[in-house]
Amino acid sequence: MQPLLRVENLVKHYAAGRSARPKDKVAALDGVSLSFQPQTTTALVGESGSGKSTLALCIACLETPTSGTISFEGIDVAALGENQQRLFRPQIQLVFQDPASSLNPRWTALEIVSEPFLVQRRFTKPDRAVRALQLLDRVAIPRKMAGRSPDELSGGQKQRLAIARALALEPKLIILDEALSALDCSVQAQISNLLIELQSSLGLTYLFITHDFAMAAHLADQIAVMERGRIVESGPVESVLRFPTHQTTRALLAGTPRLKESTRELVSA
């Protein structure tokens, strides 16, 4: 089966600092290669500063890589111009760790979910409202909350709202950038179960960015471990968890208190 997305030898350099010489660069990504099969979840695990979020922004066409390719359904989107990339952006949506930072506090939940339709000039105003209500239903936000602002919602409800907005344009790939890490354990479980149900019913592909190996074990089909802008280990979840080969993977595993229970569940499944 052809991958939905294939990243090959991706490099992203940033200037080292204001006082640095023009040729001084920092490699946020240093030759990253990774592929994503349709309707699967890939967990990208690594410490802060390892390059996970930079990779996400490049894949979403929000950052321009220095070199390398990002092939979405066989088309190198990194090589396209800005106008052409706009056509692909609806297919790849981002959900961030702190939904409040990406939700307009002056808008209602209904307006927030309707916004992508408005930006893309899709549907009439009444149709946008109907579709937005259906999306709120899909993520289990009661319709009575449609007129509330994000400040009136709980943390879990805000994340559900962010997921509903991400679903609006019917993407094929959703990037979840630490989307569960700010939630308590019970809410994490609820949202992760919602993500599993949405993947099954809508045929979604996920890139799940996290530092939590336990949650990666629960959600992912494959795990890729990043360190200093490189993929240092990747493979099926069970293989990476039970037989880690790189010292970074072993260190991250050792620092995950909930992992032993998750691994037992994985092996017994």
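Derivation of every value follows stated rules applied to the coordinates shown; laboratory data play no part. In this text, all values refer to a predicted model and were calculated from it rather than measured experimentally. Cβ coordinates were reconstructed from backbone atoms using ideal geometry, including for glycine residues, and neighbour counts include every protein chain displayed.
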With a ≥ b ≥ c from the Cα gyration tensor eigenvalues, square-rooted, and the rule rounded for a/c under 1.5, otherwise prolate when a/b > b/c and oblate otherwise, the stretch 56-109 is prolate
So, relative contact order of the chain in percent, Cα under 8 Å, 6 or more apart, is 24
Label model pair ALA189, HIS246: point-to-point distance (7 angstrom along the Cα→beta-carbon line) in nm is 3.2
In nm, the gap between the two label points placed 7 Å beyond Cα toward Cβ at PHE88 and GLU197 is 3.3
Which of [x] 53, 49, 43; [y] 67, 53, 37; [z] 78, 46, 39 gives Cα extents along the principal axes in Å as computed here? It is [x]
For GLN39, other-chain or 5+-apart residues with amide H closer than 5 Å (H placed, Pro excluded) are THR205
Long-range amide H partners of LEU10, meaning residues 5 or more apart or on another chain whose placed amide H is closer than 5 Å, are GLY31, VAL32, SER33, THR69
Length-normalised contact order of the stretch 74-212, Cα under 8 Å, at least 6 apart, in percent, tallies to 31
Surrounding charge for GLU178, neighbours by C-beta under 15 angstrom, Lys/Arg +1, Asp/Glu -1, total -3
For the stretch 239-254, Karplus-derived ³J(HN,Hα) couplings (6.51, -1.76, 1.60; θ = phi - 60°; whole Hz; x for glycine and proline) come out as 5, 5, 6, 8, 9, x, 10, 9, 5, 5, 4, 5, 5, 5, 5, 5
Env charge @ SER239, Cβ radius under 13 Å, K,R +1 / D,E -1, value -2
Taking the alpha-carbon centre of each part, the distance from the stretch 83-145 to the stretch 183-235 in Å is 22
Karplus ³J(HN,Hα) for the stretch 38-55 (6.51 cos²θ - 1.76 cosθ + 1.60, θ = phi - 60°; Hz, whole; x = Gly/Pro) runs x, 6, 10, 10, 10, 8, 9, 10, x, 6, 4, x, 7, x, 4, 5, 5, 4
Computed ³J(HN,Hα) along the stretch 88-100: with the Karplus parameters 6.51/-1.76/1.60, θ = phi - 60°, integer Hz and x for glycine or proline, the list is 8, 4, x, 6, 10, 10, 10, 10, 9, 4, 9, x, 4
For the stretch 87-168, shape from the Cα gyration tensor axes a ≥ b ≥ c, cut at a/c of 1.5 then a/b versus b/c, turns out oblate
Over the chain, the sum of -39500 (n - 2.57) across DSSP H runs of at least four, divided by residue number and rounded to 500 deg cm²/dmol, gives at 222 nm -11000 deg cm²/dmol
Long-range amide H partners of ARG148, meaning residues 5 or more apart or on another chain whose placed amide H is closer than 5 Å, are ALA109, LEU110
